[in-house]
1. Summarise the partner chain shielding of B:149-160 as one whole number: the mean count of Cβ atoms from other chains within 10 Å of each residue's Cβ.
2. Please arrange A:259, A:356, B:250, B:102 by counting, for each residue, the other beta carbons lying within 10 Å of its beta carbon, fewest first.
3. Please report the projected area of segment B:155-284's Cα convex hull averaged over all directions, in nm².
4. Within 10 Å of each residue's Cβ, count the other Cβ atoms and sort B:260, A:277 from fewest upward.
5. Please compute the contact order of segment A:1-153 in relative form: average sequence separation of alpha-carbon pairs under 8 Å and at least six residues apart, divided by the residue count, as a percent.
6. What is the average number of partner chain Cβ atoms found within 10 Å of a Cβ in A:339-346?
7. Please express the shape of segment A:85-188 as an equivalent ellipsoid: the semi-axes are the square roots of 5 times the eigenvalues of the C-alpha gyration tensor, given largest first in whole angstrom.
8. Per-residue mean of other chain beta-carbon atoms within 10 angstrom of the beta-carbon, peptide A:350-360?
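Since every read-out is calculated from the coordinates, none of them should be taken as a lab result. For clarity, every value in this text was computed on a predicted model and none was experimentally measured. Heads up, the Cβs are rebuilt from the backbone with ideal geometry, glycines too, and the neighbour counts pull from every protein chain shown.
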C-alpha cells in the first residue's frame, strides 16, 4: 500500500474510532440519564402520609404519635369522599342490600319468638315479612324504575301493619324509603355501566388512598399502602379523575383512546361531587411533604422481595476483588519497579526514611501505572459474572445453602443473606419499567443508580487522575 | 570550554548573586551567605592562597575501609577535609572515589552486604556508629548526583522536599527557603515564574542546579558532589563550577570528578585515589604542579588511567 493511501486509511480508522466513541457515549447518555433521573427521584421526592405510615410500620421509623395524628387527620379529610362513595354504592351495588333484607327477615323471626307470639298470628307475621322481603329484593334487583317503585310502594303500604309492629321488620320501611330516595338520583337503566365505572373508581381510590381503614389488609406490602409518593399519587389520581375508553371513531379505523372525565360519566348522580372534592383536597388527603429518603440502603426488602440482601452483593464483590487482585498487584509491582532508582537515592540523600521515600516519591511516580492496572482490572471484573451468578443472581428464590442458616439462625442477619439480583439484570428491569419494580412501595431505584454513578465516577476519577499525573510526569 | 562561552558568562547579569534581606528574616544572619560578586580564575587563585591555613577538619577519615562483601571498595583511607573549602577526589574509574564519597553520608547502605572498618568522622561523630541517626546525618551532609535527578514534582515541591521532611509546613517559611535556595543555586531568575511547573521540563543544567538548590534547602554543612558535571555540556558545567566557587566559603564541598581540569579549577585540595587506596592528598596547586608520587604524576599527565 502506498503512503498516501495508508495515510488515508489511518485517518479513516481514527475517524471511525472517534465516531464509535461518540456513539457509545450517546448511548450511555440515553440509557443512563432516565435511570439516573429515576434514581434521583427515588431518593428525593414528595412523600405522602402513606409513606410515613409505611416507614413506621415496616421499619419502625418516625414518632408513633405524630404518625397516628397525621393518619387521623388524613382519615378525617377523606371521610366525606368515602361517604359519597358508600351512598352511591348502595344504589348500584345492591347485593348487600338484598343480604340486609334477608337478614332483617331472619331477625323478624327471632323477634317474634322472643315476644312469645305463637300460632297463626306468628305465621301471619312471618308471611307478611317474607312478602315484604321478596318485594324489596325484587325492587333492588329490578333495573326498571317503574317496577322498582311499584315494589317499594307495596312495601310502604304495609307501614302501619300491626303484624310486624315492634319487630325488626320496621327496618324494611326505612330501607324502602332510602332506596326510593336513591332511585330519584340513579338511572337504573345505566346501572351496569355505573357498576363497572364504580369498580374502576374504587380501584383507583385504593391505589391513591390505600385500602379502606378497618378493611382487610393484604399480606403483601405492595398492596397494603396507598400512593406513598406524590408522583405515583398523581398517576392514581389521573386514573381516578379520568376514564379511558377505546372508541371506534370511524369504521375500519384503528380504535382511538379517549379520556372521559369521570365527573361527566357520573353526571347527575351524587357521586359526581366526589371528583372535584378529591381533586381540590388532594393535598389534605395525602399530605405530601418533601422527603429525602436514604434509608433504602438499610431497608429489609422482604416485603418487596425485589432487591434482596446486601450480603450476596458484598460477597460477590469480594470474590471478584480476590480474582483481580493478582493483576492489580502485578501491575503495581511493575509500575513501582519502573520508577528510576535515582528518585529513591535523591530522597534518601535528603534524609527521607524508606517509608517516607516510598510514599512521597516512588508511589506518586508509579501511580499512573498502578491506576492503569486498576482500570484494566475493573473492566475485567465487570465481565466476571460467574461469581455473581454463584453468590446471587435471583431476586426471589431459596437462599444458597452457604447462606442458609436454617434453624440455627438468630434471625437478625437473615435479610443480609437473602437472594439478590445481579446489578446488570436489576438495572435492565428498572430501565424497562418492570412490573414488580413499579409496584414495590419504596422504589429502590436509588440503589442501582448509586452503584452505577459510583462505578462511573470511580472510572472517570481514575482516568482524570492518571491523565493529570502522567502529564505532570512528562514535564508539561 | 571555549572562549566564547567564557565571554557569554562574564557578560551575564549578576542579579542573582546579591541576596536581599527578606522581611521576617534577621538580616544579619542570612541563610546562605553569597560569595564575592565576581568569582573568576584570578579571584580563585587569590582564595586558594587564603586557604593555606585551614581550621579544624570537618571530615576525618582514619584507616577507613569499605568492603562490598569480599570485594574491596576503599582501603585504609586516612585524610582530613577542612571546612569552607573545596576538596576534589580524582582517580581512574572504579578506583573507589564515589565509594568513599558515598560513605560520608552512608548512601552505600543501599547496596546490600557493605561493611566498613576504621573511622570516618563528620563533625566529630563516627558516621558508621550504630547510634548515628541517618536522617540527621543526611540532612547535614547533602549530596548532588552524577545525573540530574529531580523528583517528578513541581520545582517548588522539589526544593521544599527537604524542609518539609524537617517538619516545616508553613508556606510562609517554605517560600523563603525555596527562594533563598534557588537564588543560592543561581536558578531563581530562570524559574521564578514557573515554580509550579514540573522540574522535568527544565534543561539538564537547570535540573542539576535545581538538585543543588534542593540539597541546599536542608541547610547542610557538607555538600557531596558525585561527578556533578559529567552529564552536562560545557556551559552548564561552567555555571555549576561558578556556583561551587560561590558556595565555597559557606559549605564544605567534596567533589568527585573525572575531569582533572575541573579539579584544578575548582578545588583547594585534591586527593588522588587509585585501586581503592589514597595515593596522594595535597593542596591542588602542589598536587598538579609538583606531585610527590610517580603514580600521581603519571595519572595527571595522562600516561595512565
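1. Numbers: counts 9, 4, 10, 12, 7, 1, 0, 0, 1, 2, 0, 0.
Mean shielding by partner chains, rounded to a whole number: 4.
2. Values: A:259 11, A:356 16, B:250 19, B:102 24.
If I rank by nearby Cβ atoms, fewest first, I get A:259, A:356, B:250, B:102.
3. Values: hull surface 34.9 nm².
Spelled out: convex hull of the Cα atoms, projected over all directions, averaged, 8.7 nm².
4. On the way: B:260 19, A:277 16.
Fewest to most other Cβ atoms nearby, the residues stand as A:277, B:260.
5. Numbers: 47 pairs, mean separation 19.7, N = 153.
Over segment A:1-153, the number comes to 13 percent.
6. Numbers: counts 1, 3, 2, 8, 5, 2, 7, 12.
Mean inter-chain Cβ contacts per residue within 10 Å come to 5.
7. 26, 13, 10
8. Values: counts 19, 17, 7, 3, 0, 0, 3, 1, 0, 0, 6.
For peptide A:350-360, the averaged partner shielding equals 5.
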